[in-house]
Amino acid sequence: MRVYVPLTLSGLAEAHKTGELGPGPLTAYAVTPGLREWYVSDDIEELEYAALSRAAAASLRLLAGDPEVARRRVVVAVDVRDQDATSDPDQVLDAIGLGEVRINAAVPLAKAAAVHVDADDAVGDVTAAADALGAADQGDDDARFTVDGAEDHELLWYGVQEIPNLIG
């Protein structure tokens, strides 16, 4: 199963240093039954993109919680055994948790398939979105518009061998 683990650049640097994503339990995003039902698509590429987008939103939350880290969303795509990623069947009713899975143990970084990171030109919008996230959660429409501005930026794809350049 392909899962998408939200991180920050400093989290990616730590994973590179230790050789693993963890410790567990890890929160990740995947194509779960709830995500399939919500997205109403049978196209696996569209569903995986939706899971990646959910992980990018979770990465933004990590950025909002730590003003000292670089303002770029980071998502690591990792392949794990199906039984290692568990989801809550009640998530079908919870839009916030759609696609969320738990991985109980650390995952070797060697299992990563790719890394997705914001481009340099997204930093301004991502910074503004991280700053506005709390107000957006409280229902502020202007703040929600600012958060949506970060979502307009596509994450770039990088091979795992490019991690040293990303964190360097």
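The values are calculated or read from the model by the stated rules, or taken from the named source; none is laboratory data. These numbers come from a predicted model, not from an experiment. Here Cβ is always computed from backbone atoms with ideal geometry, including for glycine, and neighbour counts include all displayed protein chains.
Some points to look at:
- Residue match in the range 58-67 (condition: part of a helix (DSSP H, G or I) and either in contact with a His (Cβ under 8 Å, 6 or more places away or on another chain) or surrounded by 24 or more Cβ atoms within 10 Å (Cβ to Cβ) (or both)): yes
- Single match in V75, V80, V92 (criterion: modelled with pLDDT of 95 or more, surrounded by 14 or more Cβ atoms within 10 Å (Cβ to Cβ) and of a type in the set (V, I, T)): V75
- Residue tally, condition in contact with a strand residue (DSSP E or B) (Cβ under 8 Å, 6 or more places away or on another chain) and either free of Cβ contacts under 8 Å to residues at least 24 places away in the same chain or surrounded by fewer than 21 Cβ atoms within 10 Å (Cβ to Cβ) (or both), over the range 9-25: 7
- Evaluation of V3 against (1) modelled with pLDDT of 95 or more; (2) more than 22 Å from Y158 (Cβ to Cβ) (one fails), failing number: (2)
- Some residue of the range 34-41 being at positive phi and loosely packed, with under 14 Cβ neighbours inside 10 Å: yes
- The range 42-57, subset of a type outside the set (K, R) and under 9 Å from the mean Cα position of the chain (by Cα), residue surrounded by the fewest Cβ atoms within 10 Å (Cβ to Cβ): S53
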